[in-house]
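**Student:** Please see the structure below; I have some questions.
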């Protein structure tokens, strides 16, 4: 073929004019884009597409460097904008023509795995999920000549053997996730070429679409109505005849009697009425069971007062919440939050809160200061004796002083009792009463000491 023929061929495949032009115009740029479009239609491999992209990049660069005329009439089409739009459309067409790639397959598998682990499946849905993964693994094995489906089948057989009736027992979720991870690994290891292995990649993508469809069709928890969810979890199983309305309340009371925190939490998460939500939270407060800690702690982090109260009732079982609760000690704009927080910190009993509470013995709110004093008494940290004694001596509010005296009695050391007992002649009845009790405790302590003393 002559040199002239080579030049003609270059023009026909869209490479003509790829060198930087000296006189680019809308017409010449459009001609070059016509060539790019023709090349894109003729491209059959990734290498062809790479060549087309290089030419398109050159045209785009020339377009950017060229000062094109701006039309005087606003209604007249701007040639620069029209060319930029055409370049953008060609880029989209080019990207759409690429692939598919092995990475598209692995991305789809990982997305399906995230769906599997991030979804709560019903009892009916779990075997449906297992079937979808098993079918997918079988298709991967067929395309790539691997054996990842064997692990799913083996695990299902083991589960079936463990069940009395168990022929249809599904593989456990961990095995299913491992199977999908194996699928990602074998696809990556196959080193599939988008040109040479296009059929294999297409078959694998079709298999992933089947997997996604299977997961979509499997029954998940959110597919059920609230009453169906509760029924599926056996929430209503405790009901025989009931007197309370709604029946959920009767079931709630029965589960509380049985100490089933899980069922109370289930009801709280499922029943959205304020009426039932309130009864669920009240039940959790009464139960004072640390099994509810995680959920109550999460609610407490949103300043839910009932959740904070529930944490307090758990006592030392809610020690991990102390750091969160201390953050609310300074919540002066919400006295209600402070009161419930102070009490909860006292009931939990962590000395970590001592200093923060002691600082509140001097706060302005007369109604909140007693809660700080009582919380210190519940904690029992001897470091609180001096600030409580100072409050008892100098605070101008009777209820605050009485709370400080009570707290000193709860601490119960010799120093604490003596500090409280010094006010037996107090004119305030509340303070005097606490002082008398402290004095009695000191006397009882002396009597006990005399009884234990050795005789001569």
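The values are calculated or read from the model by the stated rules, or taken from the named source; none is laboratory data. Because the structure is predicted, anything quoted here is derived from the model rather than measured. Don't worry about glycine lacking a Cβ; one is built from the backbone with ideal geometry, like all the others, and counts go over all protein chains shown.
**Student:** How many residues, within the range 54-94, are farther than 16 Å from residue 30 by Cα, outside any loop (DSSP other than H, G, I, E, B) and in contact with a helix residue (DSSP H, G or I) (Cβ under 9 Å, 6 or more places away or on another chain)?
**Tutor:** Selection size over the range 54-94: 2.
**Student:** Further, regarding this structure: Report whether or not residue 156 is modelled with pLDDT under 90, in the same structural domain as residue 215 (by TED's automatic domain parsing) and more than 23 Å from residue 219 (Cα to Cα).
**Tutor:** It is false that residue 156 is modelled with pLDDT under 90, in the same structural domain as residue 215 (by TED's automatic domain parsing) and more than 23 Å from residue 219 (Cα to Cα).
**Student:** Let me ask something additional. Search the range 277-301 for residues that are on the phi > 0 side of the Ramachandran plot and pair each with any residue that is crowded, with 19+ Cβ neighbours inside 10 Å and assigned to a helix (DSSP H, G or I) when their beta-carbon atoms are under 7 Å apart and the residues are at least 6 apart or on different chains.
**Tutor:** 288/313
**Student:** Say whether the condition of being under 32 Å from the mean Cα position of the chain (by Cα) and under 22 Å from residue 148 (Cβ atoms) is met by at least one residue in the range 227-247.
**Tutor:** Checking the range 227-247: not a single residue is under 32 Å from the mean Cα position of the chain (by Cα) and under 22 Å from residue 148 (Cβ atoms).
**Student:** While we're here: Within the range 348-376, which residues are more than 20 Å from residue 405 (Cβ to Cβ) and part of a helix (DSSP H, G or I)?
**Tutor:** 348, 351, 352, 353, 355, 356
Yes or no, residue by residue, for (1) at pLDDT below 95; (2) under 18 Å from residue 358 (Cα atoms):
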{"position": "388", "(1), (2)": "no, yes"}
{"position": "400", "(1), (2)": "no, yes"}
{"position": "408", "(1), (2)": "no, yes"}
{"position": "414", "(1), (2)": "no, no"}
{"position": "431", "(1), (2)": "no, no"}
{"position": "436", "(1), (2)": "no, no"}
{"position": "445", "(1), (2)": "yes, no"}
{"position": "450", "(1), (2)": "yes, no"}
{"position": "456", "(1), (2)": "yes, no"}
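**Student:** Between 319, 359, 291, which is in the same structural domain as residue 407 (by TED's automatic domain parsing) and at pLDDT 95 or above?
**Tutor:** 359
**Student:** Just give me the residues in the range 177-202 being assigned to a loop (DSSP other than H, G, I, E, B) and in contact with a helix residue (DSSP H, G or I) (Cβ under 9 Å, 6 or more places away or on another chain), in sequence order.
**Tutor:** Matches in the range 177-202: 190, 191, 192, 193, 194, 195, 197.
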